[in-house]
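To keep things clear, I will list the structure first and then write my remarks on it.
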Amino acid sequence: MKKILLLGSTGSIGVNTLNVVREFPDEFEVEAITANSNVGLLLDQINEFNPKFAVIRDKSKKAELQELVGAKCKILSGDEGLIEVTKYCEYDILLSALVGFAGLAPTIEGIKRGKRIALANKETLVVAGELVIDLCKKHNAELLPVDSEHSAIFQALIGESQKEIRRIILTASGGPFLNTSKDEFDSVTVEQALDHPNWSMGSKITIDSASMMNKGLEVIEAHWLFNLGRDKIDVVIHPQSIIHSMVEFCDSSIKAQLSVPDMKLPIQYALSYPNRFTSNFIQTDFVKIGSLTFFEPDLNKFKCLQLAFDAMQEGGTAPCILNAANEIAVDKFLKGEIKFSYIPKMISHAIESINNHKSPDLETIFECDRQTRDFATKFKFGEEV
Ligand code: NDP
Ligand code: MG
């Protein structure tokens, strides 16, 4: 039995993780789960999976929740509650599925304990890739990707030699605006941006998919996970999302991993690795799919992808600035405060205005995140955009 600490159990990845756990009651046990503020769903999950600990980040809801669950589960709260469970509770696998920069600090606590980290929270590697990879080596923590593209690459690399990789090819669906002209980015609505053609996900990553920032964050994630430079990372638009990504080797042979899109598959693999557990929750029918198509991404239209490539090349705290400015911009877009087309404008303005620190330590990364959020929150759209 493997014990799981599931950070972000009420989110899209969290719920899918519990769907996987439910299928394998003899393999996995849920030790602790966490939510930001969704008490109702957290309570249902506590009642079904009987974790010993649960964290509700919103402190005002702690007492109410503790009373509802009684003595069978200890309720913690706040950011310190998230750190506490990760630091002290007993688990074999940390499934890191908080959204955004908030995932970094607890994920690091799991790494320091030398646990298996099943990483959905890509922002952890985007903002602190070098540091996180070094810590994993130092503490012998195993970092397994949950992101479908990275899971595909990870699987394609099994039994292969790193030095024989010619390039990796990350596939991207192109999101809801693949066929929308750039001029329309001034007027697209939140509802249209949230209407992803292939995946059902949390709102932040869904907007990132519409702007293609998600692919940009994934490029940086892949750079750190697989230790590859810009010249070895390509992106191709593949609207069907059947090929989850590919690796080309030095002999020109290409390996890919395929299935109809369903996050339960990469989640299950990160939990079961190095084994595969038998499951039939999805069926890939090639005759029904019919055809697979591919296009070059338009970096002039999807400026966020270009900005991410540039930030990766720049290194230091540039990806941290990119990420923080993006989080604020996405939040503002979701609240109807800015146009969709302002998202990349806000990010590039932050990158131009905030100092880049090379080889940052953790404290510098936290400070850079704070500073960028502050900058982006106060930023008013005037003549500079
Ligand atoms: P969701 O928004 O659906 O879920 C986020 C989870 O984190 C919820 O449990 C939420 O609690 C909690 N949460 C939100 N903000 C905070 C915070 N500040 N502190 C503590 N907890 C918080 O996100 P997703 O599941 O879609 O994504 C999670 C991560 O996985 C992201 O990094 C995303 O990029 C990555 N990912 C997601 C994929 C997907 O298919 N969804 C695919 C690949 C990667 P509450 O419910 O109470 O708000
Ligand atoms: Mg992905």
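The values are calculated or read from the model by the stated rules, or taken from the named source; none is laboratory data. Since the structure is predicted, the reported quantities are computational estimates derived from the model, not experimental observations. Ideal geometry is used to build each Cβ from the backbone, glycine not excepted, and the neighbour counts take in all protein chains shown.
Data overview
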{"quantity": "Condition met for Ser60 (exposed (fewer than 15 other Cβ atoms within 10 Å of the Cβ), away from ligand 2 (no atom under 16 Å from the Cβ) and outside any helix (DSSP H, G or I))", "calculated": "no"}
{"quantity": "So Ser348, is it among the small types (Gly, Ala, Ser) and in contact with a Leu (Cβ under 9 Å, 6 or more places away or on another chain)", "calculated": "yes"}
{"quantity": "Of residues in the range 156-183 being within 14 Å of ligand 2 (Cβ to nearest atom) and not β-branched (Val, Ile, Thr), the one nearest to Ile233 (Cα to Cα)", "calculated": "Leu170"}
{"quantity": "The lone exception for Gly174 - which of (1) in a helix (DSSP H, G or I); (2) at positive phi it fails", "calculated": "(1)"}
{"quantity": "Search result, residues across the range 109-126 that are in a loop (DSSP other than H, G, I, E, B) and more than 14 Å from the chain's Cα centre (by Cα)", "calculated": "Arg113, Gly114, Lys115"}
{"quantity": "Residue among Pro51, Pro106 that is assigned to a loop (DSSP other than H, G, I, E, B) and buried (at least 21 other Cβ atoms within 10 Å of the Cβ)", "calculated": "Pro51"}
{"quantity": "Residues (without any contact (Cβ under 8 Å) to a residue 60 or more places away in the chain, outside any loop (DSSP other than H, G, I, E, B) and either surrounded by 14 or more Cβ atoms within 10 Å (Cβ to Cβ) or within 15 Å of ligand 2 (Cβ to nearest atom) (or both)) located in the range 184-202", "calculated": "Gln192"}
{"quantity": "Yes/no for Ile153 being surrounded by fewer than 24 Cβ atoms within 10 Å (Cβ to Cβ), outside any loop (DSSP other than H, G, I, E, B) and either modelled with pLDDT of 95 or more or away from ligand 2 (no atom under 15 Å from the Cβ) (or both)", "calculated": "no"}
{"quantity": "Given (1) surrounded by fewer than 19 Cβ atoms within 10 Å (Cβ to Cβ); (2) in contact with a Gly (Cβ under 7 Å, 6 or more places away or on another chain), index of the condition Asp234 fails", "calculated": "(2)"}
{"quantity": "Subset of the range 60-104 (residues that are in contact (Cβ under 8 Å) with a residue 40 or more places away in the chain and either touching a Leu at 6+ places or on another chain (Cβ under 8 Å) or among the basic types (Lys, Arg) (or both))", "calculated": "Leu82, Val85, Thr86, Cys89, Tyr91, Ile93, Leu94, Leu95, Ser96, Ala97, Leu98, Gly103"}
{"quantity": "Selection status of Ala128, buried (at least 19 other Cβ atoms within 10 Å of the Cβ), away from ligand 2 (no atom under 16 Å from the Cβ) and not assigned by TED's automatic domain parsing to the domain that holds His244", "calculated": "yes"}
{"quantity": "Any hit, the range 21-30, residues being within 13 Å of ligand 1 (Cβ to nearest atom) and either touching a Leu at 6+ places or on another chain (Cβ under 9 Å) or not basic (Lys, Arg) (or both)", "calculated": "no"}
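The rows are residues; the columns are (1) away from ligand 1 (no atom under 16 Å from the Cβ); (2) closer than 22 Å to Glu327 by Cβ; (3) more than 15 Å from the chain's Cα centre (by Cα).
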residue: Glu80; (1), (2), (3): no, yes, yes
residue: Thr86; (1), (2), (3): no, yes, yes
residue: Ser96; (1), (2), (3): no, yes, no
residue: Ala128; (1), (2), (3): no, yes, no
residue: Leu135; (1), (2), (3): yes, no, yes
residue: Val146; (1), (2), (3): no, yes, no
